[in-house]
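A short reminder: the numbers here are calculations on the coordinates, not readings from a lab. The model shown is predicted, which means the values in this text are computed figures rather than measured ones. Here the Cβ positions follow ideal geometry from the backbone for every residue, glycine too, while neighbour counts run over all protein chains shown.
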Amino acid sequence: FPSHDSLEPMKQYNTDVSREEVAALLNYDPQTGLFTHKVNGHKRKAGAVTGRLDNRGYVRIRLLGYELKAHRLAWLLTYGTWPAAEIDHINGCPSDNRIINLRDVSVAQNGWNRTKAMRNNKSGYLGVSRSADGRFHAQIGVNGEQRSLGWFSTAEEAAAAYVAAKAVHHAIE
């Protein structure tokens with residue numbers, strides 16, 4: 001997909017666009033996750049794959065004056081309604097819009113997929129922070145609150161505690 005991040009910003013998440021409007025303009029292949037145009041139009045041909053990758057790896061499609069995320073359109077075309085919350089890419093690949101790879105989850109559940117610590121995390125591990133005395137604290141968010149997993153002498157021990165807690169508390173069915 002081409003990347004055109006310099007394009008002017010457009011509205012996103014317009015749930016006023018109906019399934020019928022989208023279905024009249026786009027085909028969606030749930031096996032490949034690709035979208036194609038149904039009709040010829042300005043700078044597009046019927047049958048041509050559509051969408052562009054944004055700077056975070058998500059496919060976006062310009063449609064009806066909006067720039068919409070392809071995974072949300074896939075959900076709409078497959079299930080007939082907009083997702084209730086966020087769409088999680090199960091395999092962690094934001095451009096993989098096969099319907100088998102998508103699920104409607106809460107914002108918190110979608111955050112559970114994070115596999116790397118944020119850039120400003122000095123411990124280098126997800127869920128682990130370093131104290132001024134050199135010890136490492138592991139904690140995990142559960143139901144909107146932070147739970148301490150304990151203090152450890154190494155970042156690796158704290159990270160192991162976090163990974164074990166994540167397996168218990170962040171399992172999505």
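Observations on the model:
- Pairwise FRET efficiency - His42 versus Ser18, Cβ, R0 = 22 Å, nearest 0.05: 0.50
- Förster radius 45 Å - calculated FRET efficiency between Glu145 and Arg62 (Cβ-Cβ, nearest 0.05): 0.65
- Between the amide H of Leu149 and those of Ala138, Gln139, Ile140, distances stay under 5 Å, these residues lying 5 or more places away or on another chain, with hydrogens modeled in the peptide plane.
- Label-zone membership for region 151-168, site Asp133, 7 angstrom Cα→C-beta point, backbone N under 12 Å: 151-153
- 5 angstrom amide H check on Ser18, placed H, neighbours 5+ away: none
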